Amino acid sequence: MHKLCVTSETGRLRSVIIGYPDNFHQAPPAIINETQKEYYFGPNCPTRQQVMAELGGFKKALACQGVEVLQPEPLEGVPDQLMTRDIGVVIGDTFVVTQMARESRRDEWLGLLPILNRMRTQRVIKVPDDIVLEGGDVIVDNGRIFVGLSQRTGPDGAAYLASRFPQFEVVPVPLKQLSDGENVLHLDCSFVPVGQRSALIYADGLAEMPAAIAENYDLIEVTKAEQAILATNVLSISPTQVIARPQSSRVNAEMRQRGLEVIELPFDDPPKTGGSFRCCSLPLWRD
């Protein structure tokens, strides 16, 4: 049985489910976000070979840090199982199977069944079918659950978590929409805590700044151009270590100035599907 424990975004990572790349686009993909519209029909379309190589490097880097790395079981007919973050989230000692907005992604969680079946059933809950709640919109950190009100998750998703986890303060974070000129798919495309009390923030992607963010974090501002390459979408493996893309050089330097070790890994093709290191990982256990 796998231990479930996540109470912060930056605690020492012990066990994680990362994306499964080997069946990437073996079935025709559904185009479900603006990033895919940009890349899937041009010469820089992500390839299975490159996705496999980069997920392999990500897996190796995590294992070298002593992290247990798990992956979903491949599902026939599902063209993309890279973004495990969206299909589930661990809150405290409970695994929440989320509910995806797009029909093409609603069966992805079935690839987690071999892992979920080894857990105590009372520690696994599933979001009702009539509520959209995607894991990229959920950040658990030090007694709070931040929930992005985004292109995907709505207020009913935040209300559901508040009803199921009364021991946490649920903080809705309204994000700007495409109609506002901002492409912020999920909360972790605009806000992610790092280190002891810092956070990466693309403030222009927020419709309003919650006091729980403004007053509790040393905010590292991210520009629109940096947000477009998913500079916020990093994965912390401890309070002092974070995995990031080398393209985010200024943001990485800001994190280093705050005492963080930034492990830079090549990761070019997975972001063309809409997510980077955080999106491709689903932590099960953090200290």
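For the stretch 193-253, rounded, prolate or oblate, judged on the Cα gyration tensor with a ≥ b ≥ c (square roots of eigenvalues), a/c < 1.5 rounded, else prolate if a/b > b/c? Walk me through the numbers on the way to the answer.
Working: a/c = 2.31, a/b = 1.14, b/c = 2.02.
Oblate shape, in that a/c is at least 1.5 and b/c is the bigger or equal ratio.
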Placing one equal point scatterer on each C-alpha of the stretch 121-212 and summing with Debye, one gets log10 I(q)/I(0) at q = 0.15, 0.16, 0.19 Å⁻¹ equal to -0.56, -0.63, -0.87
For the stretch 131-183 and the stretch 211-287, what is the centre-to-centre distance using only Cα atoms, to the nearest Å? 19 Å
Which whole-Hz ³J(HN,Hα) couplings does the stretch 93-109 yield from phi under the Karplus relation 6.51 cos²θ - 1.76 cosθ + 1.60, θ = phi - 60°, glycine and proline marked x? 10, 10, 8, 9, 7, 7, 10, 7, 6, 9, 4, 5, 10, 6, 9, 4, 4
Size of the stretch 13-286 as Cα extents on the principal axes (Å, biggest first): 46, 43, 42
Would you look at the GNM of the chain, springs on alpha carbons closer than 10 Å, and say which of G42, G275, G92 moves the most? G42
Taking the Cα centroid of the stretch 15-32 and of the stretch 51-65, what is the distance between the two, rounded to the nearest whole Å? 15 Å
Check F191: other-chain or 5+ apart residues with amide H under 5 Å from its amide H, H built from backbone geometry? Y202
Using only Cα positions of the stretch 1-150, each an equal point scatterer, no hydration layer, compute I(q)/I(0) via Debye at q = 0.09, 0.12 Å⁻¹ and quote the log10 values to two decimals. -0.30, -0.54
Using label points projected 7 Å from each Cα along Cα→Cβ, tell me how many nm separate I125 and L113, to one decimal. 2.3 nm
Karplus ³J(HN,Hα) for the stretch 112-121 (6.51 cos²θ - 1.76 cosθ + 1.60, θ = phi - 60°; Hz, whole; x = Gly/Pro) runs 8, 4, x, 7, 4, 5, 8, 9, 5, 4
For L70, enumerate residues with amide H under 5 Å from its amide H, sequence gap 5+ or separate chain, H modeled in the peptide plane. V16, I17, I18
For the chain, what does the helix formula give at 222 nm: sum of -39500 (n - 2.57) over DSSP H segments with n ≥ 4, over the residue count, nearest 500 deg cm²/dmol? -5000 deg cm²/dmol
Globularity ratio of the stretch 87-152, using Cα Rg and 2.2 N^0.38 Å: 1.11
If the only charges are +1 at each Lys and Arg Cβ and -1 at each Asp and Glu Cβ, what is the size of the charge dipole of the stretch 95-163 around the Cα centre, to the nearest 20 debye? 320 debye
Under a crude label model (7 Å from the Cα following the beta-carbon direction), how far is A253 from F165 in nanometres? 3.6 nm
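Where the eigenvalues come from the Cα gyration tensor of the stretch 16-86, what are the semi-axes √(5λ) of the equivalent ellipsoid, largest first, in whole Å? Each step should come with its number before you reach the end.
Working: eigenvalues 109, 38, 24 Å².
Calculated on Cα positions only, the semi-axes equal 23, 14, 11 Å.
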In order through the stretch 173-186: 3J(HN,Hα) via Karplus (6.51 cos²θ - 1.76 cosθ + 1.60), integer Hz, x for Gly, Pro: 10, x, 10, 5, 9, 4, 5, 8, x, 10, 9, 10, 5, 9
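Rank-order 248-257, 199-208 by packing density, defined as the average count of other C-beta atoms within 10 Å over each peptide's residues, highest first.
Details: 248-257: 16.3, 199-208: 19.0.
In descending order of packing, they fall as 199-208, 248-257.
Laboratory data are not the source of any read-out in this text; all were calculated from the coordinates shown. Computed from a predicted model, the values in this text were never measured in an experiment. Backbone-built Cβ (ideal geometry, glycine too); neighbour counts: all protein chains shown.
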